[in-house]
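Please read the structure below before turning to the comments.
The values are calculated or read from the model by the stated rules, or taken from the named source; none is laboratory data. Keep in mind it's a predicted model, so treat the numbers as computed, not measured. In this analysis, Cβ positions are derived from the backbone assuming ideal geometry, glycine residues included, and neighbour counts consider all displayed protein chains.
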Amino acid sequence: MYTREQASQLRQQFWTTFGQYLSPQLSAEGWKVNWLNYKTGVKDVYFRMNADNKRGYIAIELTHPDTELQQLVFEQFEEHKTMLHETLGEEWEWVLHASDSTGRVVSRIYKEIAPVNVFDKEDWPALISFLKPRIIALDAFWSDAKYSFEG
């Protein structure tokens, strides 16, 4: 077991390492991007990556507090489902109205890898190999699809 501080340091080390692998990668539109804190430019639509002692995942997360509006945005993504899956080269899980770790209602489109442990450096290559191509593919999808989500 790790102390809270050790766990925090390992997590930070992983994300720093991951960020270094992605830093030379330009966006689909040729711009420099903060891949770890990807800005979709659309309120309440986030691209999230996370890893813990059991799994890693990447997700499109919809967080609008009004669940009806959240569902409308989810349905907009469903209209782009074929394009999303073709860009990703795989199918992802689609979940409307689940609770996040803080208890708020969110909707997610996600893919996960398990078992992996962010606290085991031997698992880092698998996590990086899982996350990197997917965030790049999400960016490619978003460069085409984002305009239909604006406004």
(message) Take the conditions within 22 Å of Phe130 (Cβ to Cβ) and within 14 Å of the chain's Cα centre (by Cα) and apply them to Tyr38. Does it pass?
(response) yes
(request) Collect the residues in the stretch 69-105 that are among the aliphatic types (A, V, I, L, M) and closer than 19 Å to Arg134 by Cβ, keeping them in residue-number order. (result) Met83, Leu84, Leu88, Val95
(message) Tally up the residues in the stretch 105-116 that are more than 30 Å from Thr67 (Cα to Cα) and touching a strand residue (DSSP E or B) at 6+ places or on another chain (Cβ under 8 Å), please.
(response) 1
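Look at the stretch 93-139 and say how many of its residues are of a type in the set (D, E, K, R) and under 16 Å from the mean Cα position of the chain (by Cα). Talk me through it step by step, then tell me what you get.
Of the residues in the stretch 93-139, the ones of a type in the set (D, E, K, R) are 93, 100, 104, 108, 111-112, 120-123, 132, 134, 139.
Imposing the further condition that a residue be under 16 Å from the mean Cα position of the chain (by Cα) reduces the set to 93, 100, 108, 111-112, 132, 134, 139.
Selection size over the stretch 93-139: 8.
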(request) Name, by its number, the condition in (1) under 30 Å from Gln9 (Cα atoms); (2) of a type in the set (A, V, I, L, M); (3) buried (at least 16 other Cβ atoms within 10 Å of the Cβ) that does not hold for Leu26. (result) (3)
(request) Output the residues belonging to the stretch 47-100 that are modelled with pLDDT of 95 or more and of a type in the set (Asp, Glu). (result) Asp52, Glu61, Asp66, Glu68, Glu75, Glu78, Glu79, Glu86, Glu90, Glu91, Glu93
(message) Filter the stretch 14-70 down to the residues that are touching a His at 6+ places or on another chain (Cβ under 7 Å) and polar (S, T, N, Q) and list them by number.
(response) Thr67, Gln70
